[in-house]
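Working notes, beginning with the structure itself.
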Amino acid sequence: MCGRFAVTLPPDAMAQLFAAVPSNDLPDVPNFNVCPTNQVHVVMSDEGRRLVSMRWGFIPHWYKKPNDGPLLINARAETIAEKPAFRAACRERRCLVPATGFYEWTKDEEGNRLPWYIHPADDGPLVFAGVWQDWARDDLSFRTVAIVTCGANGSMSRIHHRMPVVLAQDDWGKWLGEDGHGAASLMQPAPEDALAFHRVAREVNSNRASGPELIEPIDA
């Protein structure tokens, strides 16, 4: 799964990277501890690419209130096309979620949660496949997003059995629907050498933690 990540690229640099027009209400960066229900940066294609802000946590249209069911921060690649919550979004509302790295956890013999920071091995941009959904009820409205996940590759499986779907730059247009069909073929684990990871301090276990020290390596 992907339940926490970091983003450090400034919005103007993101807009340039994706050739997207930025909105005026983008989240603050850097953020070394992006958590579910936070606003996140998302690239969508709508008569041209736009860099916008969305709430992380997909809300199906039938929810009567935002917490009317499970918080859907991830969508499983294996079932996304059939699940009622995601099947329309998978066909019509795919997006990109830029990041710098993400966190996963293992446990020691005492059951303590040990955080790891996972990032591109070449320190380039990290781009997750996402799907989005507008939700509105009464006087509330949200544009929401979920990150697509798949089974982990061999190296990542040392930490967790699943991982976010990471898109190479050449595949951004296909996922966004700009380059024709075939997006389903992109929902695969990243190449074995695409990501690197290291242990980080337990402070990130708190969703209130912040600061660049969260991604600094420690001795495992």
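The values are calculated or read from the model by the stated rules, or taken from the named source; none is laboratory data. What you are looking at is a predicted structure, and each value in this text was computed from that prediction instead of being measured. No Cβ is skipped: glycine too gets one built from the backbone with ideal geometry, and neighbour counts run over all protein chains shown. Heads up: the accessible areas ignore ligands, DNA and RNA and are worked out on the full protein's heavy atoms, side chains in. Shrake-Rupley method; radii C 1.70, N 1.55, O 1.52, S 1.80 Å.
Efficiency by 1/(1 + (r/R0)^6): what FRET value for Ala201 and Ala168, r their Cβ-Cβ distance, R0 = 25 Å, to the nearest 0.05?
The value I calculate is 0.20.
Quantify how much of the Cα-Cα distance distribution of the chain extends past 23 Å, in percent.
When every Cα pair of the chain is considered, 45 percent fall beyond 23 Å.
In whole percent, how big is the carbon plus sulfur part of the accessible area of the range 109-220, probe 1.4 Å, protein atoms only?
Here it works out to 47 percent.
Taking amide H positions as placed in the peptide plane 1.01 Å from N, state which residues far from Leu114 in sequence (5 or more) or on other chains have amide H under 5 Å from it.
Residues meeting the criterion, in which the H sits 1.01 Å from N, are Thr106, Lys107, Asp108.
Want the number for Ala81 to Ile218: 0.36 nm per residue separation, take away the alpha-carbon distance, what's left?
45.3 nm
Students often get this wrong: which residues of the range 88-119 have the backbone nitrogen under 13 Å from the point 7 angstrom along Cα-to-C-beta of Ala209?
Answer for the range 88-119: 103-106, 113-118.
May I ask you to rank Trp62, Trp132 by accessible area, largest first, using a 1.4 Å probe over the protein chains only?
My answer, sorted largest first, is Trp62, Trp132.
Give, rounded to the nearest 20 debye, the magnitude of the charge dipole that the range 1-101 has about its Cα centre when Lys and Arg contribute +1 at Cβ and Asp and Glu contribute -1 at Cβ.
340 debye
Enter the accessible area of Val148 (Å², nearest 10), with the probe set to 1.4 Å and all protein chains included.
0 Å²
How much accessible area does Phe86 have with a 1.4 Å probe, in Å² rounded to the nearest 10?
In the full protein context, Phe86 sits at about 20 Å².
With label points built 7 Å along Cα→Cβ from the Cα atoms of Asp12 and Ser185, find their separation and express it in nm.
Each label point lies 7 Å from its Cα, and together they span 3.9 nm.
Using the heavy atoms of the protein chains alone and a 1.4 angstrom probe, what is the accessible area of the range 1-109 per residue in square angstrom?
48 Å²
At 0.36 nm per residue, and after removing the present C-alpha to C-alpha distance, how many nm does the segment from Thr37 to Lys65 gain when stretched out fully?
This chain segment gains 8.7 nm when fully extended.
Can you quote the Å³ per residue value for the convex hull of the Cα atoms in the range 129-180, rounded to an integer?
Taking only Cα atoms, the range 129-180 has a hull volume of 115 Å³ per residue.
Taking amide H atoms as placed 1.01 Å from N in the peptide plane, list the residues 5 or more away in sequence, or in a different chain, whose amide H sits under 5 Å from that of Arg162.
Ala152
Please report the Cα spread of the range 122-220 along all three principal axes, rounded to whole Å, starting with the longest.
Taking max minus min along each principal axis of the Cα atoms, the range 122-220 gives 44, 39, 24 Å.
Among Pro60, Val204, Leu96, which residue has its Cα furthest toward the positive end of the charge dipole of the chain, with +1 on Lys/Arg Cβ and -1 on Asp/Glu Cβ?
Ranked along the dipole, the leading option is Pro60.
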